[in-house]
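Before any comments, here is the structure.
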Amino acid sequence: MSKFHKETLKCPTCQEAIEAVFWDSITIDENAEMQFKEDVKTGKLFKAVCPHCKMMYHLNYPLLYTDKTNHFMIYYIPNESKNAQLTFPDTSDTAYTYRIAGTYFEFIEKILIFENHLNDIVIELIKAVMLQKEKNLQKSQGVYFAALSDKKLSFQILGHEHAFISYPRDAYEELAKGLKFKAVDDFQLINLKTFNNFLISNNQ
C-alpha cells in the first residue's frame, strides 16, 4: 500500500504557507495505477507548486519504492536525509532485491535495472570499465543505465556532449555468468563509489 503525509511549508519565493504532499512509500503491482511509476520516473512526486505565486520547486525526501511484480525494494534516501529517522521494512523474503539510493539519478537507475531483470553489481562494473577506458567520460556528471534492447544496454551520460553510450548485451550476459556473488539479503548502497568495497567484502 502506498502511503503519504502532508506538511505545511513556507514558499521560498512568496513566503506564503502551502500544504505539500510527501510520499513515504510507493507500492507498484499489477493492480496499481501505472501513473505512480511514471510520476516517480519523471520526478513529479518530488515537485510542489505554490498555489499563491505558482512557483514550482523540488522536494527531496526519503521514499520507499516497492515493485511487487519484479520483486525489488529501493529505499531512496537523499544524502541530505541520512540523519532522518527511517523505518526499514522486513527483508526476510529472499525473492526480493533490496537497495538504497542516495541520489535521484541512482534511484531511477536502480528501478530501470531491476525492471529489466539485470544485475546492478555487473552494471556498476561495466560503468567503471567505461570510465577507465573513455577518459573523457570522467568529465561527465555521471553515467547511468537507461535502457535495454535485444542487442545492447544503453547508458545515459550527464553533462556530456554525447548523450548516450552503449554496451553489447551479449558481453553483459557473459560477464554476468562469469561473476559470482554472495546473496545480498538486506538494504545496501551499491554504486560506483561503493561497489569496489562490496566486491572485496563479498570475496572474503
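The values are calculated or read from the model by the stated rules, or taken from the named source; none is laboratory data. None of these values were measured; they are calculated from a predicted model. Please note: Cβ atoms are built from the backbone with ideal geometry, for glycine as well, and neighbour counts cover all protein chains shown. To get the accessible areas, we keep the full protein, side chains included, count just its heavy atoms, and leave off ligands, DNA and RNA. Shrake-Rupley method; radii C 1.70, N 1.55, O 1.52, S 1.80 Å.
For (1) farther than 17 Å from Lys152 by Cα; (2) of a type outside the set (Ser, Thr, Tyr); (3) open to solvent by less than 40 Å² (accessible area, probe 1.4 Å), each residue gets a yes or a no:
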residue: Ser92; (1), (2), (3): yes, no, no
residue: Tyr98; (1), (2), (3): yes, no, yes
residue: Leu112; (1), (2), (3): no, yes, yes
residue: His117; (1), (2), (3): no, yes, no
residue: Asp120; (1), (2), (3): no, yes, yes
residue: Glu124; (1), (2), (3): no, yes, yes
residue: Val129; (1), (2), (3): no, yes, no
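The set of residues in the range 1-56 that are modelled with pLDDT of 90 or more, in a loop (DSSP other than H, G, I, E, B) and acidic (Asp, Glu) contains only Glu16. Within the range 131-146, the set of residues being open to solvent by 20 Å² or more (accessible area, probe 1.4 Å) and closer than 24 Å to Phe181 by Cα comprises Leu131, Gln132, Tyr144, Ala146.
For Phe88, state whether it is out of contact with any strand residue (DSSP E or B) (no Cβ under 6 Å at 6 or more places or on another chain), surrounded by 11 or more Cβ atoms within 10 Å (Cβ to Cβ) and closer than 24 Å to Lys193 by Cα.
On the way: out of contact with any strand residue (DSSP E or B) (no Cβ under 6 Å at 6 or more places or on another chain): yes; surrounded by 11 or more Cβ atoms within 10 Å (Cβ to Cβ): yes; closer than 24 Å to Lys193 by Cα: yes.
Considered against the rule, which asks whether it is out of contact with any strand residue (DSSP E or B) (no Cβ under 6 Å at 6 or more places or on another chain), surrounded by 11 or more Cβ atoms within 10 Å (Cβ to Cβ) and closer than 24 Å to Lys193 by Cα, Phe88 comes out as yes.
Residue-level check: of (1) in contact with a Lys or Arg (Cβ under 8 Å, 6 or more places away or on another chain); (2) at pLDDT below 95, Phe72 misses just (2).
Scanning the range 2-36 for residues that are closer than 24 Å to Leu112 by Cβ and touching a residue at least 24 places away in the same chain (Cβ under 8 Å) yields Ser2, Phe22, Trp23, Asp24, Ser25, Ile26, Thr27, Ile28, Asp29, Glu30, Ala32, Phe36. Is it the case that some residue within the range 151-162 is over 30 Å from Thr8 (Cβ atoms), in contact with a Phe, Trp or Tyr (Cβ under 8 Å, 6 or more places away or on another chain), touching a residue at least 40 places away in the same chain (Cβ under 8 Å) and basic (Lys, Arg)? No.
Look through Tyr61, Tyr65 and report the one residue that is assigned to a loop (DSSP other than H, G, I, E, B), in contact with a helix residue (DSSP H, G or I) (Cβ under 8 Å, 6 or more places away or on another chain) and surrounded by 13 or more Cβ atoms within 10 Å (Cβ to Cβ). Walk me through it before giving the result.
On the way: Tyr65 fails: assigned to a loop (DSSP other than H, G, I, E, B).
Sole residue among the options that is assigned to a loop (DSSP other than H, G, I, E, B), in contact with a helix residue (DSSP H, G or I) (Cβ under 8 Å, 6 or more places away or on another chain) and surrounded by 13 or more Cβ atoms within 10 Å (Cβ to Cβ): Tyr61.
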